[in-house]
1. Return the pairs, sorted by first residue and then second, in which the second residue is exposed (fewer than 15 other Cβ atoms within 10 Å of the Cβ) and modelled with pLDDT under 80, the first residue lies in segment 47-59 and is assigned by TED's automatic domain parsing to the domain that holds Leu36, the beta carbons are less than 6 Å apart, and the residues are 6+ apart or on different chains.
2. If you take the residues in segment 167-184 that are in a loop (DSSP other than H, G, I, E, B) and more than 25 Å from the chain's Cα centre (by Cα), which one is surrounded by the most Cβ atoms within 10 Å (Cβ to Cβ)?
3. In segment 1-27, how many are in contact with a strand residue (DSSP E or B) (Cβ under 7 Å, 6 or more places away or on another chain), surrounded by 11 or more Cβ atoms within 10 Å (Cβ to Cβ) and without any contact (Cβ under 8 Å) to a residue 24 or more places away in the chain?
4. Collect the residues in segment 124-145 that are under 25 Å from Trp107 (Cα atoms) and either in contact with a Leu (Cβ under 9 Å, 6 or more places away or on another chain) or loosely packed, with under 14 Cβ neighbours inside 10 Å (or both), keeping them in residue-number order.
5. Does Ser137 meet the test of being of a type in the set (Ser, Thr, Tyr) and part of a strand (DSSP E or B)?
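The values are calculated or read from the model by the stated rules, or taken from the named source; none is laboratory data. The structure presented is a predicted model; accordingly, all values stated were derived computationally and were not measured. Here Cβ is always computed from backbone atoms with ideal geometry, including for glycine, and neighbour counts include all displayed protein chains.
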Amino acid sequence: MSWRSEHIWIELIRGSRKTSNFCWAFILLFGSLGFLLVGTSSYLGRNWILFFTSQEILFFPQGLVMSFYGIAGLFISSYLWCTIFWNVGSGYDRFDRKKGIVCIFRWGFPGKNRRIFLRFFIKDIQSVRIEVKDGISARRVLYMDIRGQGAVPLTRTDENFTPREIEQKAAELAYFLRIPIEVF
C-alpha cells in the first residue's frame, strides 16, 4: 500500500503479519502439540489419543523422539508467534522531494535496536538497483545505492515479484526521485 502526492511518496511495508506466517504458526503449534501428546501418553501408558493405544508406541525410542519433536516444534512455533505479535519487518519508506530526504523505518526484534531508522539525502542516492536471480529459487530485490553507505534494500527477499512488477516499481521510484536505474 502506498500514498503519493506531487512531492511526497510514502510506501507502507507489511511485516511478518502475513497469511502464510499465520498458517505455518498454527500448523507448527498443533503438530508439535500432537507429537508431545503422543510422547507423553506413551510415557505415562495412558490412552489419550483415539487412533491407537499407548502400548503401540514404546516410550524408548519412539515416544522419546516424538516428545523431542514436540518440544522443538513448540520452540519454533513460539518464535513465529513472537515475530507475528511484534510485526517484525513492518514499517514505511518515505521519499520527500521537497525537503530532499529519504526516510526508511522498520520494526525489528525487541531490544536496544528495535526501531531501525535510516535517513539520508536524495542527492546522495546514486541509483535504484534491481537484483535478479533466476532459477529454482528466483529472487528479485529492489535496492537503493547510497553514496558512502552501500546498497539499502527496499523490498523483502521473500516477496515474489514478477519481472514486470519489479521493473514497474523501480521505474516509478527512479522517475519520482529523478535518479538512474541499474540492473544486476
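1. Short answer, once both residue conditions are applied: Asn47/Thr53.
2. It comes out as Ile179.
3. 2
4. Ile125, Val128, Arg129, Ile130, Glu131, Val141, Leu142, Tyr143, Met144
5. Here the answer is no, as Ser137 does not meet what is asked.
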